[in-house]
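The values are calculated or read from the model by the stated rules, or taken from the named source; none is laboratory data. Worth saying up front: this structure is predicted, and the values here are computed from it rather than measured. Positions of Cβ are generated from backbone atoms using ideal geometry, with glycine treated the same way; all protein chains shown enter the neighbour counts.
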Amino acid sequence: MKTLPGFHKLIALTAVILLSAGISSAGAQEKEQPKPAAASTGDRPAEHPATRETTRDSYKLEFTFLELEGSKKINSRTYTVMCEDLGGRTAGYLRIGSRVPVPMGGTAPGGATPAQFQYMDVGMKIDARLVSTADGALTLSSTVDVSSVADGGGSPGLAPVVRSMQFSSNTGIVPGKPTVLSTADDLGSNHRFEVQVIATKLGK
């Protein structure tokens, strides 16, 4: 049986149409395929905040006690207090000295020695507190109590004679520069007492 020439053309045309339709359908499916949703922020692992380094400034406070006769220095003693800044405030104290017996009433049997004693702390007491501001200024609040037994005041059976100097101050200071906290004249002589402090900022 002979195939008509037009029949081959019809079959070829039909194949081209079907092939084109298949390509168009595949392209449409690719376009309609939904894209994967972006991961939400809540799915991400929590970010750890950067660790903040806590800075603490440390200071060395040198208290110098001078005894002057006129303009001549005849005695000098220095005491050091270490302070660490914690949140804008520092505190330090120093205690050094002796416990002196003070006789109480009554005597021991068979003698003139007192039967009881009460002890008194004599020496150096320093309480210091530094307050720093945002601009780096420093204010020193200090309380100082200096006491000593006077010469000839420690005879057996007699209460000792104690010399003392006490003061409290609130003073602005500059690190590295000496600052006078207090001056006082001795009541029994021409001596004068002066207390200075130098604050030195220490390295980290």
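Check whether at least one residue in the stretch 122-129 is modelled with pLDDT under 90 and outside any loop (DSSP other than H, G, I, E, B), and report yes or no.
Taking every residue of the stretch 122-129 in turn, none turns out to be modelled with pLDDT under 90 and outside any loop (DSSP other than H, G, I, E, B).
Restrict the check to the stretch 181-200 and report whether at least one residue is within 16 Å of Val131 (Cα to Cα) and surrounded by fewer than 14 Cβ atoms within 10 Å (Cβ to Cβ).
yes
Which residues, taken from the stretch 141-167, are at pLDDT below 90, part of a strand (DSSP E or B) and more than 14 Å from Arg99 (Cα to Cα)?
Matches in the stretch 141-167: Arg163, Ser164, Met165.
Run Leu138 past the list (1) modelled with pLDDT under 90; (2) more than 16 Å from Glu62 (Cα to Cα) and report the number of the one that doesn't hold.
(2)
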